[in-house]
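Chemist: Below is the structure I would like to discuss, written out as structure tokens.
Please treat every number below as a calculation from the coordinates, not as lab data. If you're wondering where the values come from, they're calculated on a predicted model, not measured in any experiment. For neighbour counting, all protein chains shown are included, and Cβ atoms are generated from backbone atoms with ideal geometry for every residue, glycine included.
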Amino acid sequence: MCKMTLSRWLVLAVLVLRDVFALKDVVLTIRPQTVEKSRHATLICSYDLEGASLYYVKWYRGTYEFYRYTPSEKPTTKLFPFKAINVDMNRSNSTQVVLTDIDFQLSGNFSCEVTTAEEPASTQTAVKSMLVVQLPQYPPTISVGREPLDYGDVLRANCSSPPARPPAWLKFMLNNSTVSFTPRMLPRQVQEAHWSDLSLELKLEAYHFNRGKLILRCAAEVSEIYYEEAVLELASARNPVPEKVSALDSAGPAPCHTVLLGVLFFLIIRV
């Protein structure tokens with residue numbers, strides 16, 4: 001008959017308990033993940049305790065803990081002051097933390113760490129990155145050189161978008177075809193808000209004209225949360241202008257027999 005030592009029984013019991021109280025599915029969601037400066041964001045930590053009791057949930061910005069929820073303590077929530085982090089304690093709990101008046105310093109990684117109370121304790125961590133941006137105050141503007149434009153002429157234009165962080169990505173579209181754009185920059189490469197400018201110098205060919213028309217657009221984008229366009233219809237030498245005609249002109253001259261019949265009818269009435 002197989003005999004098991006006490007230590008082996010303990011190991012087996014630990015393995016069984018680990019399977020019974022296995023913490024799983026720890027996921028961190030940030031809404032919105034790209035947030036405008038001075039606005040608020042909600043960090044949501046979802047998890048499945050699998051029947052275990054919660055020991056605590058810790059929240060980190062980078063490696064620094066700034067908020068903790070421990071159901072066995074009174075009060076259950078604890079705040080660790082950190083520069084630029086403002087927590088709305090009334091709306092924060094075991095599954096979410098609400099940050100207000102968000103500053104650029106908060107761009108980067110956030111994490112939530114969940115630990116169960118039963119022995120052996122189970123701990124899992126989820127990480128998500130947040131981007132803080134400053135959007136342009138006004139839509140982009142377009143300025144152009146001489147008009148009207150014809151085949152072989154050079155179209156010169158400039159597009160400007162007010163300061164943003166990161167700077168707005170610009171592109172020129174002529175009759176809905178992209179003809180120029182600025183290189184994209186990584187947000188971490190930009191530490192201040194800057195204007196965005198894009199110049200265009202394009203020799204016009206027949207295929208650039210759409211039924212004689214030239215519609216120039218400049219689009220400005222900042223991350224996934226901002227998109228604005230400036231639209232300008234350029235004067236074109238190939239844009240036909242319909243001739244103005246009067247109703248009499250469109251009818252044409254009256255035939256001779258029509259005139260004679262009118263005179264005859266007038267004489268009969270006089271008689």
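Chemist: Assuming R0 = 25 Å, can you tell me the calculated FRET efficiency for the pair Asn109 and Thr178, based on Cβ-Cβ distance, to the nearest 0.05? Don't jump to the answer; show the numbers that get you there.
Modeler: On the way: r = 34 Å, r/R0 = 1.37.
It comes to 0.15.
Chemist: OK, next. Find out how many positive minus negative residues lie around Leu79, taking Lys and Arg as positive, Asp and Glu as negative, among other residues whose Cβ is under 14 Å from that of Leu79.
Modeler: Values: positive: Lys58, Arg61, Arg68, Lys78, Lys83, Arg91; negative: Glu65, Glu73, Asp88.
So the environment of Leu79 carries a net charge of +3.
Chemist: Right, something else. Sorting Leu186, Leu200 on the 10 Å Cβ count, fewest up front, what's the list? Spell out each step's value before the answer.
Modeler: Numbers: Leu186 7, Leu200 19.
Listed from fewest to most nearby Cβ atoms, that is Leu186, Leu200.
Chemist: Let me ask something else. Quote the FRET efficiency, to the nearest 0.05, computed for His40 versus Asn210 with a Förster distance R0 of 45 Å and r equal to the Cβ-Cβ distance.
Modeler: 0.50
Chemist: A follow-up question, please. Put a dot 7 Å past each Cα toward the Cβ at Ala117 and Asp25; how far apart are the dots in nm?
Modeler: Here the modelled spin labels are 2.2 nm apart.
Chemist: What net charge is computed for the residues neighbouring Tyr47, neighbours being all others with C-beta under 9 Å from the C-beta of Tyr47, Lys and Arg scored +1, Asp and Glu -1? Write down the numbers at each step before the final one.
Modeler: Working: positive: Lys24; negative: Asp25, Asp48.
With Lys, Arg at +1 and Asp, Glu at -1, the neighbours total -1.
Chemist: Counting only the backbone N, which residues of the range 140-158 are under 18 Å from the spot 7 Å out from the Cα of Asn239 toward its beta-carbon?
Modeler: 142-158
Chemist: Which of Glu205, Glu228 has the fewest other C-beta atoms within 10 Å, and how do the rest follow up to the most? Display every interim value, and only then the final one.
Modeler: Numbers: Glu205 9, Glu228 16.
Final ranking by Cβ density, sparse to dense: Glu205, Glu228.
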